[in-house]
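Have a look at the structure below before the remarks.
Since every read-out is calculated from the coordinates, none of them should be taken as a lab result. In this text, all values refer to a predicted model and were calculated from it rather than measured experimentally. Glycine also receives a Cβ, built like all others from the backbone with ideal geometry; neighbour counts cover every protein chain displayed.
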Amino acid sequence: MFKKLAISTIIILVCGWIIPGVIIPDIIIAIAIAIGLSLMNHFLKPILFFFDLPITILALGSFMFVINIAMIHVLTMIFPTFIIANTDSIILFSGLYSFLHNIYLVN
């Protein structure tokens, strides 16, 4: 579990470093964001997936990307020092985080 948290934190820090408009002030906030995303992915995402299943089927699965963006936006409201400047940055952050997370943490 600690390994997955560490990898998620590193991925979040890398995404914040690469994408302009994303400000992650310190590693403690990055760890909190990793924990928040993990909790949302385990508890909230299945519920949202169930209710949005018809839209997801019609959109050929691309609506899951919208759910990921919404979860990251919720985290920016929970942690006010985690700043994402504009819509382009949140889309890039969500896409890069999902891509890197799937590469490094798929069991």
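Observations
- Label point of K45 set 7 angstrom out along Cα-Cβ; within region 9-37, amide nitrogens under 18 Å from it belong to 9-16, 31-37.
- In the list (1) 24; (2) 60; (3) 27, the label attached to percent of Cα pairs over 23 Å apart as derived from the coordinates here is (1).
- Spacing of the two label points (7 Å from each Cα toward its C-beta) at L105 and W17, in nm: 1.8 nm
- Between M1 and V74, the modelled label-to-label distance comes to 2.1 nm, taking each label 7 Å out from Cα in the direction of the beta carbon.
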